[in-house]
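Notes follow once the structure below has been shown.
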Amino acid sequence: MIKIINQFKMELLARSSNESFARAAIAAFISQLDPTVEELSDIKTAVSEAVTNCIVHAYKEQLGYIYITVRILNDNKVSIKIKDKGCGIPDVEKAMEPLYTTAGGERAGLGFAVMESFTDKLTVHSAVGRGTTVIFHKQLQTR
Amino acid sequence: MQCSIFTSGNMVTAKLSGELDHHSAKSIREQIDCEVEAVQPDKLFLDFKDITFMDSSGIGLVMGRYRLMQLHGGEVIILNPSPSIRKVMRLAGLGRLAKIETSA
């Protein structure tokens, strides 16, 4: 059975200057589990991708909020939910294909691929005009 | 995030430091492109030694500079990425576009 041991929520404006704040805040919260350097770096990278997606895609047209919930679960598991109320993704499967991007030039199209490969489980829900929710889970080593 | 650029003959080296993400990539990109367009070097070295964090924005940065260097037949060489940065680069298959050199 999944038990919530600890939880932290924040909402922040989708400004690119908040990308580093979001990953630093989440990393600080998770530090109570004494993660390895690699685990922490994986989580920060996945968070950075999800938050960047909110800024570059979800709120491309209008500024809005990003809602983040981080849970520490039993057995050293972490779940992170990153939600926006932006434009939504018409075709989630297509958006998750590596190298696919609608942002052009300087975006590599690897956001979801990084989230998928750096976490243990990734779920994406999206509705056009209503927003996107990304949830990922990471199992930390027991030390 | 900081970027120092050194030019020596046909080579441009951009020494990056700090956290490389979507927010910080823009000014780095502009600084590097300005120098590369002026010098048109044979080799562009991107030194990641002092980069403490990088997400896929760093991959976009390298891919964009690769395309720019291709315009005049130059190459991009990545120096000293940390293990976590190498992990992102491997996922992206960046080794196909740029030589990756790690000092011992």
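The values are calculated or read from the model by the stated rules, or taken from the named source; none is laboratory data. Just so it is clear, the structure is predicted and the values come from calculations on it, not from any experiment. Positions of Cβ are generated from backbone atoms using ideal geometry, with glycine treated the same way; all protein chains shown enter the neighbour counts.
The residue that is nearest to the other protein chains (Cβ to nearest Cβ), counting only those in segment B:31-52 that are within 19 Å of residue B:72 (Cβ to Cβ) and acidic (Asp, Glu), is B:33. Determine which member of the set B:31, B:70 is more than 13 Å from the chain's Cα centre (by Cα) and surrounded by fewer than 18 Cβ atoms within 10 Å (Cβ to Cβ). Exactly one residue qualifies, and that residue is B:70. Only a single criterion out of (1) facing chain B (nearest Cβ under 9 Å); (2) in contact with an Asp or Glu (Cβ under 9 Å, 6 or more places away or on another chain); (3) at pLDDT 95 or above; (4) more than 20 Å from residue A:127 (Cβ to Cβ) is not satisfied by residue A:110, namely (3). Filtered by the rule that a residue be more than 20 Å from residue A:52 (Cβ to Cβ), touching a residue at least 12 places away in the same chain (Cβ under 8 Å) and among the polar types (S, T, N, Q), segment B:5-48 gives B:7, B:10, B:13, B:17, B:31, B:40.
Given the condition under 22 Å from residue B:84 (Cα atoms) and of a type in the set (Gly, Ala, Ser), answer yes or no: does some residue in segment A:53-75 qualify? So far as segment A:53-75 goes, no, none of its residues is under 22 Å from residue B:84 (Cα atoms) and of a type in the set (Gly, Ala, Ser). Within segment B:1-26, being part of a strand (DSSP E or B) and within 20 Å of residue A:108 (Cα to Cα) holds for B:16, B:19, B:20.
Pick from segment A:5-41 the residues that are farther than 23 Å from residue A:84 by Cα and not in a helix (DSSP H, G or I): which of them is nearest to the other protein chains (Cβ to nearest Cβ)? Of everything passing the filter in segment A:5-41, A:36 is nearest to the other protein chains (Cβ to nearest Cβ). With respect to the conditions (1) of a type outside the set (Phe, Trp, Tyr); (2) touching a Lys or Arg at 6+ places or on another chain (Cβ under 9 Å); (3) closer than 18 Å to residue A:17 by Cα, residue B:25 lacks only one, and its number is (2). Checking each residue in segment A:42-77 for being more than 12 Å from the chain's Cα centre (by Cα) and more than 14 Å from chain B (Cβ to nearest Cβ) picks out A:61, A:62, A:63, A:64, A:65, A:71, A:72, A:73, A:74, A:75, A:76, A:77. Within segment A:69-91, being free of Cβ contacts under 8 Å to residues at least 60 places away in the same chain and under 11 Å from residue A:134 (Cα atoms) holds for A:79, A:80, A:81, A:82, A:83.
So is residue B:91 closer than 24 Å to residue A:40 by Cα, aliphatic (A, V, I, L, M), more than 14 Å from chain A (Cβ to nearest Cβ) and touching a helix residue (DSSP H, G or I) at 6+ places or on another chain (Cβ under 9 Å) or not?
Values: closer than 24 Å to residue A:40 by Cα: yes; aliphatic (A, V, I, L, M): yes; more than 14 Å from chain A (Cβ to nearest Cβ): no; touching a helix residue (DSSP H, G or I) at 6+ places or on another chain (Cβ under 9 Å): yes.
When the stated conditions are applied, residue B:91 does not pass them.
Listed conditions (1) more than 21 Å from residue B:21 (Cα to Cα); (2) more than 14 Å from every other protein chain (Cβ to nearest Cβ) are all met by residue A:81, apart from (1).
A quick yes/no check of all residues on (1) surrounded by 14 or more Cβ atoms within 10 Å (Cβ to Cβ); (2) closer than 25 Å to residue A:40 by Cα; (3) of a type outside the set (A, V, I, L, M, F, W, C); (4) away from chain A (no Cβ under 12 Å):
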{"residue": "B:54", "(1), (2), (3), (4)": "yes, yes, no, no"}
{"residue": "B:86", "(1), (2), (3), (4)": "yes, yes, yes, no"}
{"residue": "B:95", "(1), (2), (3), (4)": "no, yes, yes, yes"}
{"residue": "B:100", "(1), (2), (3), (4)": "yes, yes, no, yes"}
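Scanning segment B:66-81 for residues that are facing chain A (nearest Cβ under 10 Å) and within 20 Å of residue A:111 (Cα to Cα) yields a count of 0.
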